[in-house]
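K.L.:
Pasting a structure below so you can have a look.
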Amino acid sequence: QDISLFQLKLKEKRNSLRIISAVIESMKHWSQYTYKTPLLFEVLGTLDSAVTSGAYGAKNFLLRDGKESLPCVFYEIDRELPRLIRGRVLRCMGNYDTKRNIFKCVSVRPATIPEQNTFQEFVKIADVEMTAYVKTMNEI
Amino acid sequence: MAQGVGGHTEAVGPAQGQVRTPDKKNGLFQFNTGLCCPFRSAPKSCSSYIGSERYTFSFTIRDSPTYFINVNSWGREEYIRSLSESFRVGDCVTIENPLVQSKEGEKEEKFNPVTPSCYKLLISENHSVVKTSSCYEMDTKLLSLLHLPVKDPQDYYSLGDITANGQSLDGRILNVLAAVMSVGEPKYFITSDKRKGQRCEVKLYDETEMSFPIICWDNESIQLAQSWIPRETVIFASDVRVNFDKFRNCMTATVISKTIITTNPETAEANVLFSFIRESAQSGALHDKMEEQSKESINLETIVDVYTVKQLKEKALQSDGKPEPVFGIIYGYISMLDIDDNVSKVIRNRCSVCRFVVNEMSNTCTFCGDISSDSKSTFVSFDILVDLTDHTGTLYSCYLSDCIAEETLGCTVQEFLTLPEDKRTALKWQLLLERSKIYFKITLSSNWRTGLKANILSCKLANPIEASQSLLGKRLHHVAW
């Protein structure tokens, strides 16, 4: 009795939040599954614009990796966006809004060198996991 | 545990007066009583198979204060495994149609608990049935046997007596009555002949000795030990072996295949010890000792298994609610950390005597009871619930508390309380959504909202190189689960 209850509890949490390391392209791809499981993305890219202020404490900027570029917004709700230097690699955590094509960041900071060097590995790891996940989802 | 069963002895009648007379039912002998087993062996050990095919498993059952009997079962691996997994020490079992055999004298008792019966029972897959019933269906008379030592309650050595006798007791087998000071985590290793082994050290104490190690090597006793509550549980361990540990220069005890452990015995002698525990907790005498041991009992270096959140949940599902905790490492992120909103959510008062979280309303400690009612005897400490997320999912409501929270946040609870809100927010973002190496201990609990109780043992920012290699390599140092 106890065990089945416990297994039930575990199962209902099956679609729990995942944090996925992604390049811009793969983030856009995996974002189509956010209706099935909540996803938060870790994206590394070069700051490719000035940081401009918008309404409601918004800070807007452009992130680029390879040929892809991504409009980003960070809302200064509980803290200010740190000073960011154009041309440097940033590490952003956030959600992708497919309709508006904008990456809503909750955490933005310069990426460390080890992070940059290992990022492709984490993208690979997340890709494998998400591919397997989507496959099982389609089977069900 | 490896007595031969070749040349089946004829099924002798019920062991007169030794176990209750079996009822004859449908031509089967049925021991028609619930029987609890205060001892059971691991289903398989080095000596437990003959050739490659036969496995054995033994346990001891009891149905009266005076009488108990050893039960052996032999058979295919699957049968023995499923049998051994169908009940635990303390469960009630009914055995139908066992073979009743005469004991083989001394040889028998060398590796099995000494029983008053001159018989033993043999269970076979084809002829016998073992039924288990839950504790709710159990006869209260049987339940009370769980707390009755199998030896004369007065026939025990105090820990001080063992220490005082020292090396002259080396190798002796005797009984111990003592309280549990701390339970170490099971440590896994591979023997030189490539077998998996495990070891768990429990520290005992009594009026005469503050710290005395007893070592468990088998899965059954390790599981049992994991259920003990430090400073609350008293055990009567019959037939443990005591040895002189040259390396540590002290006496130690070891749980062996003859040992039967009675948890929280209901005897006058144990009651004296219970009072001693209570008094020493109240006087604070144990506090330093406990501090010291709580640190030493979690040695992070021994934790090597790396899990993803998904693997961990799968492991937990497979474990069928086994009580032993899982220690491991997750490379992931803290995805929920609410320390800058409402301080009262992350701070709890603890009892300065025993470090338990005190009741919020009354500000009293449930463990030490009435003595902590004045607020001076409590101190503030962190008690933070965090979510852990990786690329495979999220583990909700993990505990980050007390000293470990202070280490993780890099600030003491006192410092934290003086921080303005924006500084708390800054502190939060040093950890939140940053890739971390998290050591954890998971205990299964159906009472828990999530089914799992997760305690964080350490949380530091991860080295990305180490994390990626570990996740890519998937080198799971898997050992006994």
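The values are calculated or read from the model by the stated rules, or taken from the named source; none is laboratory data. Here the structure is a predicted model, which means the values were calculated and not measured. Positions of Cβ are generated from backbone atoms using ideal geometry, with glycine treated the same way; all protein chains shown enter the neighbour counts. Protein only, heavy atoms only, side chains kept; ligands, DNA and RNA dropped before computing areas. Shrake-Rupley method; radii C 1.70, N 1.55, O 1.52, S 1.80 Å.
K.L.:
So how far apart, in nm, are the two label points at residue B:246 and residue B:125 if each is 7 Å from Cα heading toward Cβ?
P.N.:
Distance between the two pseudo-spin positions: 4.5 nm.
K.L.:
For residue B:87, what accessible surface area do you get with a 1.4 Å probe? Give it in Å², rounded to 10.
P.N.:
0 Å²
K.L.:
Indicate, rounded to the nearest 5 percent, the antiparallel portion of the DSSP beta bridges found entirely in segment B:106-222.
P.N.:
95 percent
K.L.:
Now for a different question. Give me the accessible area per residue for segment B:159-288, probe 1.4 Å, as a whole number in Å².
P.N.:
Value for segment B:159-288: 42 Å² per residue.
K.L.:
Using the Cα centre of segment B:159-288 as the reference point, and only Cβ charges (+1 on K/R, -1 on D/E), how large is the resulting charge dipole? Debye, rounded to the nearest 20.
P.N.:
Result for segment B:159-288 is approximately 620 debye, rounded to the nearest 20.
K.L.:
Moving on. Roughly what percent of Cα-Cα pairs across segment B:136-175 reach past 11 Å?
P.N.:
Beyond 11 Å sits 72 percent of the P(r) for segment B:136-175.
K.L.:
Another one. Please calculate the 1.4 Å probe accessible area of residue B:254, with all protein chains present, and give it to the nearest 10 Å².
P.N.:
The value for residue B:254 is about 10 Å².
K.L.:
Based on the Cβ-Cβ distance of residue B:256 and residue B:379, what FRET efficiency does E = 1/(1 + (r/R0)^6) give at R0 = 45 Å, to the nearest 0.05?
P.N.:
That pair, residue B:256 with residue B:379, gives E of 0.60.
K.L.:
Tell me, in nm to one decimal, what length is gained between residue B:195 and residue B:352 on full extension, where the rule is 0.36 nm per residue of separation less the Cα-Cα distance?
P.N.:
Answer, rounded to one decimal: 52.1 nm.
K.L.:
Leaving ligands and nucleic acids out of the surface, order B:118, B:351 by accessible area at 1.4 Å, largest first.
P.N.:
Ranked from most to least accessible, the order is B:118, B:351.
K.L.:
Also, I was wondering about something else. At what distance in nm do the modelled label points of residue B:472 and residue B:106 sit from each other, each positioned 7 Å from its Cα along Cα→Cβ?
P.N.:
It works out to 6.3 nm between the two label points.
K.L.:
Between A:20, A:119, A:93, whose Cα lies farthest towards the positive end of the dipole of segment A:16-139 when Lys and Arg beta carbons carry +1 and Asp and Glu beta carbons carry -1, centred on the Cα centre?
P.N.:
With unit charges placed on the Cβ atoms, the residue in question is A:93.
K.L.:
Just to confirm, what accessible area per residue do you get for segment A:16-139 at 1.4 Å probe, in whole Å²?
P.N.:
Spelled out: the 1.4 Å probe surface of segment A:16-139, per residue, equals 50 Å².
K.L.:
Now a separate question. Which value, in nm² and rounded to one decimal, describes the direction-averaged projected area of the C-alpha convex hull of segment B:388-464?
P.N.:
Projected over every direction and averaged, the Cα hull of segment B:388-464 covers 6.0 nm².
K.L.:
A follow-up question, please. Over the heavy atoms of residue A:64, what accessible area does a 1.4 Å probe trace out, to the nearest 10 Å²?
P.N.:
Residue A:64 has an accessible surface of roughly 80 Å² with all protein chains in place.
K.L.:
A further question follows. Compute the Cα gyration tensor for segment A:30-87, then decide on rounded, prolate or oblate, letting a ≥ b ≥ c be the square roots of its eigenvalues: rounded whenever a/c is under 1.5, prolate when a/b is larger than b/c in the other cases, and oblate in all that remain.
P.N.:
Because a/c hits 1.5 or more and a/b fails to exceed b/c, segment A:30-87 counts as oblate.
K.L.:
Right, next: Ignoring ligands, DNA and RNA, what percent of the 1.4 Å accessible area of segment B:159-288 is carbon and sulfur?
P.N.:
49 percent
K.L.:
Just need the Rg to Rh number for segment A:16-139, please, alpha carbons only, Kirkwood Rh.
P.N.:
Result for segment A:16-139 is an Rg/Rh of 0.97.
K.L.:
Something else: Counting alpha carbon pairs within less than 8 Å and at least 6 residues apart, what relative contact order, in whole percent, applies to segment B:159-288?
P.N.:
Dividing the mean separation by the residue count of segment B:159-288 yields 28 percent.
K.L.:
Continuing with the same structure: Report the one residue of B:429, B:401, B:379 whose Cα lies farthest in the direction of the positive end of the charge dipole of segment B:379-434 (charges on C-beta: Lys and Arg +1, Asp and Glu -1; origin at the Cα centre).
P.N.:
Farthest towards the positive pole: B:429.
K.L.:
Against the 2.2 N^0.38 Å scaling, with N counting residues, where does segment A:97-140 land? I'd like the Cα-based Rg ratio to two decimal places.
P.N.:
1.59
K.L.:
Between residue B:76 and residue A:132, what's the calculated FRET efficiency when r is the beta-carbon distance and R0 is 60 Å? Round to 0.05.
P.N.:
0.95
K.L.:
Taking 19 Å as the cut-off for C-alpha to C-alpha distance, list the pairs among B:131/B:453; B:187/B:441; A:28/A:67; B:194/B:315; B:310/B:441; A:135/B:437 that go past it.
P.N.:
Where the Cα-Cα span goes over 19 Å, the pairs concerned are B:131/B:453; B:194/B:315; A:135/B:437.
K.L.:
Further question: Buried accessible area between B and A (1.4 Å probe, both chains summed, ligands and nucleic acids excluded), in Å² to the nearest 100?
P.N.:
3000 Å²
K.L.:
Find the Rg to Rh ratio for segment B:159-288, where Rh is the Kirkwood radius over alpha-carbon pairs and Rg uses the same atoms.
P.N.:
For segment B:159-288, the value is 0.97.
K.L.:
Of all the accessible heavy-atom surface of segment A:50-122, with the other protein chains kept in place and a 1.4 Å probe, what percent is carbon and sulfur?
P.N.:
Exposed carbon and sulfur together represent 52 percent of the surface.
K.L.:
Given segment B:141-284, what percent of its DSSP beta bridges are antiparallel, to the nearest 5?
P.N.:
Among the beta bridges of segment B:141-284, antiparallel pairing accounts for roughly 90 percent.
K.L.:
In addition: Enumerate the aspartates and glutamates that residue A:104 could reach by cross-link, defined here as Cα to Cα under 14 Å, with residues fewer than 8 away along the same chain left out.
P.N.:
Hits, sequence-local ones excluded: A:42, A:76.
K.L.:
Using 0.36 nm per residue, how much length does the chain from residue B:94 to residue B:304 gain when fully extended, once their Cα-Cα distance is taken away?
P.N.:
Result for the pair: 71.5 nm of gain on full extension.
K.L.:
Using a 1.4 angstrom probe on the protein heavy atoms only, could you order A:28, B:194 from most to least accessible area?
P.N.:
B:194, A:28
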